[in-house]
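Step one of this worksheet: look at the structure below.
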């Protein structure tokens, strides 16, 4: 930036706060003056001290302004130093209030500065608690709370096609979509979109990037205009006109250096020429992760698989998503009712079609999957904050007991109870707000760290950031925590007030007993809440352990995978596709270090291309269409099976002799065999895709059965699969699978070279080891687990520190009693036992409450766990045991301290 | 209550403006005061004092046009009003009269 040399900028947050305290006419000038002074200081004594100075100025401006409000006298700048609230000669009430508040704040700051140890521990505890809450909240805010960045975004909906049961959310077919579009009245607009991989050449290297094929009304429905040039238009970009493309702001900057003369340039994507007509504004990312939006040459988006020359008339293949904008005045329910009517009409016309349409708010459809886990995380971090509060409250209680005398004296010379109370609350608020400031600045970093850990596929991540709502959340949290932990010592004042002017021994004792009870209650609460977090974390850990033990059905050791998707426009004939892959596989097989190389349509565990199609079995006639057998479609090469290590259970796998000249063969997986031939040997049976119509259906013979793989992920049951040899016909979307002697990732470059030797323009993408693919498939669960474990461990440490503090304090308070006992013959063991008993007793009570709470709350996590119940006994037992152990450890030190009390010393002082 | 007397800090600010002349905005005023009084001076105190003096008609201010380099923020320059000069001179006279005849201050043992 230009200002780089001229000087550092003061902290933004501080400057914003400063501006808030000033009258509008002075804001700009004062901000400039302070910036200037800040820069002088920064160059003289370093950024950190200058920043501290700046923050102090903000406070100083705020307090002085506050005071200035009611008075105009110079003396006010210094203010009375006494701490008395008597009303002298008729000063206005407001002035007194403001003055006394400022006094309280000063007093609080001085007091905190006098006890740096306490202040440091309290601030660190609070700062961390608030930082964690704020980080999670900014994520929740960006993803769940902020409306989508489109005009009237609450009117935007997503339409899903549903089959008979109505639950599964599917894509749309061309004909189905156009029926809805023509017949519906509830929508101001409907548009189709489909994310696709496009092979492009950028900076001289072929790359596979994600773009979307959209209908021309796509941007009009969303209500977003281009930042440069134009977006698509229903008037110009009619089906059949020139292909045009609108690129994202990010692509414009990274690939074209934000060159404004880009309009009219052409981009070659998937062998087609697109004219660039516009650049979308920054932040526009719908569907997620696409770099550009290409106009479809049809009335519906293009498909990744060949759906014929007229996709708009295709009814039995579904490949794209539909977004809509409700008519002003139309409600979601009305739209849904209308969809039901239309579905009935379609069903009457096409009796074979049994499908409906589900209308879902766009926001819900985008964030639906992560909502539960985000809310669980937010709840957990809230609990963590509660524990932090309890700890600080305990610290304050200990501190307050040291200040009994001071408070008694102040009360004796006439300070009212309310006045003292106000001052105590001010003190905790000051503490909390300082903690809040620390927390907020940590959260700025924390949020970024959180996002860098987050797995792929979390929607709207780009929109996560710090805004006024996050700042408001931090302030509110800080204030609430301040009041929360301030209540404990404040309540003391009321009890203590009973003794008022007489801080006699007796009174002190009752007061301290009450205080002990409060401290104990705080510890019990802390333990209970810690248990909640531990159980939550335990459930996630157990889920992952369960999933890690699931047999994926293949052997991914030393296997490299790389996507080699070839443009359908360039490889139009089956033979072209087959030749390309055969040559590529031949070359890859000769790379030194490669044991074997195969190719498959869709890798296990990470799905990728998913097509489920109906098929027919020779000799069987389904009762109706809904009853037709259906299976996942797979294409593989002869070396695939051994390369990925899926076991062959019966019959044989493909050989290179199974080519287009040979009879058609397929191999099925165990799940399919069990489902359709439960009592027979499927080998030798014949089947064909679709309905076995016509004279001579294209029968393929089942030649073998292979083991199941977890196609949709370890937490999903295996799907039914039919494999066909790629030599008998393939889609142009195969993934290479390479087994190597050594670390497979080292082969990436060689594989890339092999592919480019066959077609120099052909990109290779998503190169990863199979281990990585497996690892990534658990990404979001691992992320949830990681955060919950961090929270739980923090909670455990805080609870231990809290327990330790309380017990230590009790021991030091009771050293007289303990000394006397020991003088009377109590043994060391008994003394230790008594203290331990107290610690363990408190913990056990907390555990009891915690278990009850956890049983109620973990139910909310049900969708996040797998393979175990939400009340998994092991998770509960482990959590409780861990807490007991830590509590025992935390009690041990104070217990030994108690046993070291010297009875002689005690008797002497008595 | 007639004319309010000037507070010590207000006097200091006015003298600083007198010395700085046309360059009087908050930053040089703060620096000038810090240098002469050898104490840390809070910009907030200076700001409040200036605003109060302006309200009492002792100084006037104008906003200098903003430039893009300064983030489009203007500077506020201050100027003494004739009355301020009178008041300063008056208080100086009073002080001098008070000090008249008092010998050099002797450090007390």
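For the range B:23-51, the tally of residues that are touching a helix residue (DSSP H, G or I) at 6+ places or on another chain (Cβ under 9 Å), more than 9 Å from chain A (Cβ to nearest Cβ) and outside any helix (DSSP H, G or I) stands at 4. Residues that are modelled with pLDDT of 85 or more and crowded, with 23+ Cβ neighbours inside 10 Å: does the range A:611-618 have at least one? No, that holds for no residue.
For the range A:38-48, a residue qualifies if it is touching a helix residue (DSSP H, G or I) at 6+ places or on another chain (Cβ under 7 Å) and farther than 11 Å from residue A:9 by Cα, and exactly one does: A:41. Within this structure, residue B:3 passes the test of being more than 11 Å from the chain's Cα centre (by Cα), over 21 Å from residue A:29 (Cα atoms) and at pLDDT below 90. The residue of the range B:8-22 that is farthest from the chain's Cα centre (by Cα), among those that are touching a residue at least 12 places away in the same chain (Cβ under 8 Å) and within 13 Å of another protein chain (Cβ to nearest Cβ), is B:9. Collect the residues in the range A:726-743 that are at pLDDT 90 or above and over 18 Å from residue A:571 (Cα atoms), keeping them in residue-number order. Within the range A:726-743, A:737, A:738, A:739, A:740 qualify. For the range A:61-84, the condition of being within 25 Å of residue A:443 (Cα to Cα), at pLDDT below 85, surrounded by 14 or more Cβ atoms within 10 Å (Cβ to Cβ) and within 13 Å of chain B (Cβ to nearest Cβ) holds for at least one residue. Residue A:591 falls short of the stated requirement of being at pLDDT 90 or above, assigned by TED's automatic domain parsing to the domain that holds residue A:711 and crowded, with 17+ Cβ neighbours inside 10 Å.
With the requirement that a residue be over 18 Å from the mean Cα position of the chain (by Cα) and more than 19 Å from residue A:106 (Cα to Cα), what does the range A:417-458 give you? A:417, A:438, A:439, A:440, A:441, A:442, listed by residue number. The C-beta contact set for the range B:53-74 (first residue within 11 Å of chain A (Cβ to nearest Cβ), second residue surrounded by fewer than 12 Cβ atoms within 10 Å (Cβ to Cβ) and not in a strand (DSSP E or B), distance under 7 angstrom, 6+ apart or interchain) comprises B:66/B:72.
Determine which member of the set A:112, A:126 is surrounded by 21 or more Cβ atoms within 10 Å (Cβ to Cβ) and in contact (Cβ under 8 Å) with a residue 12 or more places away in the chain. Break it down stepwise before answering.
Values: A:112 fails: surrounded by 21 or more Cβ atoms within 10 Å (Cβ to Cβ).
Exactly one residue qualifies, and that residue is A:126.
How do the helices (runs of 4 or more DSSP H) wholly within the range A:791-908 filter down when requiring 3 or more residues that are closer than 20 Å to residue A:527 by Cα: which remain? Break it down stepwise before answering.
Values: elements: A:815-823, A:828-857, A:873-899.
Qualifying helices (runs of 4 or more DSSP H): A:828-857, A:873-899.
Residue selection: residue A:232 satisfies the criterion of being in contact with a helix residue (DSSP H, G or I) (Cβ under 8 Å, 6 or more places away or on another chain) and within 28 Å of residue A:178 (Cα to Cα).
The values are calculated or read from the model by the stated rules, or taken from the named source; none is laboratory data. This structure is a prediction, so every number in the text was calculated from the model and none was measured. Reconstructed Cβ throughout: ideal geometry from the backbone, glycine too, with neighbour counts over all protein chains shown.
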